[in-house]
Structures are given as C-alpha cells and as structure tokens.
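Let me begin by presenting the structure, written as structure tokens, before commenting on it.
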Amino acid sequence: MSKKYVPIKELGFDLRAEREKHGWSQLDTAAACGISYYVYRGLETGYIETTSVERIEKLRELFASDKELSNPERITLDKLGFDMRERREELGISQRAIAKQLGVSFPTYQNWENGITKALKRENFEKLKEVFAE
C-alpha cells in the first residue's frame, strides 16, 4: 500500500505562525513530529508543497496540544536577562571581537544579537554569559 500525499495547505493553518504562537523552534517542532529539521523547514517555508497524510495528522495533533518542546541542550537567548547589543556597547567591544572570543563566526554572533537565532547550544550560552560578565 503506497502513502497518500496531499498539499501542505490541507493542514488548514500557517505552520510558522502556529509554531511561533507556541514559542517552539523549528528544530524542536521537527523532532516532536519525528521528521528532520530540513523537511520541517521545507514544509514551513513552502519549499516542500506536499506531504503524507500521516505527517499532516502528526502536525495537527502537535499543534493542537500544549506540549512543552524544550530541548535541554538548547537555551533561549531571553534567559540571558539582558540585551546583548546594549551590554556589548557598554563594554565597548565589537561584534567581531566577541565572536572571536566565543569561537564562533561573525555572522553567527550577528544572528544571536539581532534575534535571528532564538536558542543556543548550552555551551555557547555559557560562553556568552562569561564574556558579558567581564
């Protein structure tokens, strides 16, 4: 018996809006559905236009729940307790200098500071706290 594929629009709601309403990351949402991050991202962005009926049902069930999808290895930046840009400017440090201290690329640090990346690996979160505590 072959799988039946349907347009993702049959889900009946916007994946990104619904995910953000719940405060979930794409990575955690994908894991909760048992699919890869890349497949989930493709579904959310419209790059993948069809999916299996089973996957549609998993997504509906997940978004109908009030599950907590936190990954203990990832920490959201709001847990820092301060604005990264303001703190960096108070310390008089450039973004490039902080990125170098943390051992991450300049664009990675920019994404953190600009709120593009919402959660970090625990080790990077701890390094950030250390650098900003100086």
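The values are calculated or read from the model by the stated rules, or taken from the named source; none is laboratory data. Nothing here was measured: the structure is a model prediction, and the numbers come from that model. Cβ placement follows ideal geometry from the backbone for every residue including glycine, while neighbour counts extend to all protein chains displayed.
What to note about this one:
- Whichever residue in the range 1-20 is out of contact with any helix residue (DSSP H, G or I) (no Cβ under 9 Å at 6 or more places or on another chain) and modelled with pLDDT of 80 or more and, among such residues, is farthest from Leu120 (Cα to Cα): Pro7
- Restricting the first member to the range 90-107 and to residues that are over 14 Å from Glu130 (Cα atoms) and touching a residue at least 60 places away in the same chain (Cβ under 8 Å), and the second to residues that are surrounded by 14 or more Cβ atoms within 10 Å (Cβ to Cβ) and not polar (S, T, N, Q), no beta-carbon pair is closer than 6 Å while six or more apart or on different chains.
- Filtered residues of the range 111-130 (kept if closer than 19 Å to Glu90 by Cα and buried (at least 16 other Cβ atoms within 10 Å of the Cβ)): Trp112, Glu113, Lys127, Leu128
- Near pairs, Cβ below 7 angstrom, 6+ apart or cross-chain, from the range 34-57 (closer than 18 Å to Ala17 by Cα) to any residue that is surrounded by fewer than 12 Cβ atoms within 10 Å (Cβ to Cβ): Glu49/Pro7; Ile56/Glu10
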